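Taking it in order: structure first as structure tokens, then the write-up.
The values are calculated or read from the model by the stated rules, or taken from the named source; none is laboratory data. Every value quoted in this text rests on a predicted model; they were computed, and no experiment measured them. Counting neighbours? That spans all protein chains shown, and the Cβs are built from the backbone with ideal geometry, glycine included. All accessible areas refer to the heavy atoms of the entire protein, side chains included, with ligands and DNA or RNA removed. Shrake-Rupley method; radii C 1.70, N 1.55, O 1.52, S 1.80 Å.
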Amino acid sequence: MPELHTLITYLAVLTGFVFFPGPSILLTLARASSSGTRVGVATSLGIALGDLMHTALAVVGISAIVLASAEAFFAIKMLGAGYLIWLGLRSLFEGPPDLTRARPLGARRAFRQAMLAEVLNPKSAMFFLAFLPQFVDPALGSVALQLTVLGLLFVAMGTLATLLVALGAGRVSRILQASPAIRRWQGKVVGCVYCALGLRLALQDR
């Protein structure tokens with residue numbers, strides 16, 4: 001199991017960006033706003049299933065790397081740190097999120113589309129492979145268990161955020177559309193979280 005202070009840091013980082021309007025939040029918001037709460041909830045659950053699959057793949061892949069070579073695992077962590085910093089810089093400089101509403105559709109179709117979109121999104125796969133290892137310490141025991149705990153916490157918090165958006169889509173949509181400052185600054189906040197996370201590892205291991 002990860003150490004307590006690692007879990008606290010991890011949860012703080014998760015809170016810093018899962019509750020800001022990222023792709024999952026915006027997709028759920030668009031679906032719920034155009035097709036109703038039921039479709040928004042289905043979209044949220046589809047995204048969660050896709051993230052569970054990414055977690056499983058990350059657990060298998062990263063555990064194999066750890067068993068193969070400690071140096072390879074360190075290299076993966078450093079590459080992941082660089083990738084997170086790149087994501088952060090991109091978020092800092094790109095424009096506000098697109099709030100275009102999605103076309104109406106049924107709950108089952110919304111679930112399938114959200115799950116497939118998440119599973120087949122290479123950026124999601126890269127994120128899991130870059131993000132989870134930053135909080136893993138092979139010296140603490142089973143790497144697979146640590147990754148599983150971290151991945152499940154990520155899925156749980158992400159799902160909580162998208163479900164809250166699905167249930168309050170009307171109000172959330174009005175707030176985002178009526179508050180240009182929120183839309184303008186959300187990317188900068190998320191970008192800072194990504195950059196800080198990447199720098200944390202790079203500096204910690206020097």
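A crude spin-label estimate for the pair Leu152 and Val60, with each label 7 Å from Cα along the Cβ direction, gives 1.9 nm.
Placing R0 at 41 angstrom, the Cβ-Cβ distance between Ala70 and Leu160 gives a FRET efficiency of 0.70 after rounding to 0.05.
Each of the peptides 25-34, 59-68 was scored by the mean count of other Cβ atoms within 10 Å over its residues; in descending order, highest first, they stand as 25-34, 59-68. Solvent-accessible surface of protein heavy atoms, probed at 1.4 angstrom with all chains present, puts Lys77, Lys123 in the order Lys123, Lys77, largest first.
Estimated at 0.36 nm per residue, the fully extended path between Leu79 and Met53 surpasses their Cα-Cα distance by 7.2 nm. For region 120-136, the Karplus equation 6.51 cos²θ - 1.76 cosθ + 1.60, evaluated at θ = phi - 60°, returns couplings of 8, 7, x, 5, 5, 4, 4, 5, 4, 5, 8, 7, 4, x, 5, 10, 9 Hz by residue, with Gly and Pro reported as x.
Between the C-alpha center of region 120-164 and that of region 53-90 there is a gap of 11 Å. Determine the shape class of region 1-75: with a ≥ b ≥ c the square roots of the Cα gyration tensor eigenvalues, call it rounded for a/c under 1.5, and otherwise prolate if a/b is greater than b/c, oblate otherwise. In terms of gyration-tensor shape, prolate. Each Lys or Arg adds one and each Asp or Glu subtracts one; over the other residues with Cβ under 14 Å from the Cβ of Arg38, this totals +3.
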